[in-house]
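Note sheet for the following structure.
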Amino acid sequence: MLTLLSTLASFLTGGLPKLLELFKDRGDKKHELEMMRISIERETQMAERGFVAQQRIEEIRADAAAAQAAASERLALYKHDTDIGKGASQWVIGLRASVRPVITYCMFFMLCAINMFGCWYAVKQGVPFDDAMSMLWDEDTQALFASIIAFWSGSQAFESRARR
């Protein structure tokens with residue numbers, strides 16, 4: 001139960017920034033929907049008048065505008081990240097970017113080291129392998145490991161969802 005709850009909490013925590021961003025974009029999306037509605041009305045009028053070729057050109061322009069908007073948004077995000085680091089040394093900027101991955105690697109290697117040492121010690125003490133593994137890979141350890149994996153998977157899932 002603890003594993004399930006911690007996995008769910010980590011998954012949601014990993015995606016929390018993207019979730020907040022989705023709420024923030026709600027107004028922008030509403031405006032885009034209105035513009036699309038106007039565009040569809042215009043395309044319908046052009047089709048009624050026989051301007052099918054012109055309609056295709058407008059579709060291409062709309063696709064290009066959407067791609068340009070996505071590129072502009074990505075550039076704005078990169079600029080924001082750059083602006084935060086202005087005045088800081090390269091070392092600080094690199095450290096700030098590596099905090100989450102380094103903590104994840106440390107937790108993973110610590111978990112591996114503890115389990116390897118525990119397994120070695122158990123075998124040396126004559127504990128059967130099955131018993132040693134059930135003690136080393138208990139529910140708390142599973143919850144910790146699942147939380148780390150779910151956090152990263154959650155943030156990736158929310159990023160890919162936001163790109164659609």
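The values are calculated or read from the model by the stated rules, or taken from the named source; none is laboratory data. Computed from a prediction, not measured in an experiment: that's the story for all the values here. These area figures cover heavy atoms from the full protein model, side chains too; ligands, DNA and RNA do not enter into them. Shrake-Rupley method; radii C 1.70, N 1.55, O 1.52, S 1.80 Å.
Subtracting the Cα-Cα distance of D140 and K86 from 0.36 nm times their residue separation leaves 15.3 nm of extension gain.
Note on D83: accessible area is roughly 60 Å² with a 1.4 Å probe, heavy atoms of protein only. Expressed as a whole percent, the accessible surface of segment 56-150 that belongs to carbon and sulfur atoms is 69, based on a 1.4 Å probe. In this view, the solvent-accessible surface of Y121, computed with a 1.4 Å probe and all protein chains in place, comes to about 120 Å².
The 3J(HN,Hα) values that the Karplus relation (6.51, -1.76, 1.60; θ = phi - 60°) gives for segment 120-134 are, in residue order, 4, 5, 5, 5, 5, 7, x, 6, x, 4, 4, 5, 4, 5, 5 Hz. Gly and Pro appear as x. Note on surface exposure: F145, F129 rank F129, F145 by accessible area, highest first, 1.4 Å probe.
Residue-wise HN-Hα couplings along segment 81-91, as the Karplus relation 6.51 cos²θ - 1.76 cosθ + 1.60 with θ = phi - 60° gives them from phi, are 4, 5, 5, 5, x, 5, x, 9, 6, 4, 4 Hz; Gly and Pro carry x. Once all protein chains are placed together, W152 keeps about 70 Å² accessible to a 1.4 angstrom probe.
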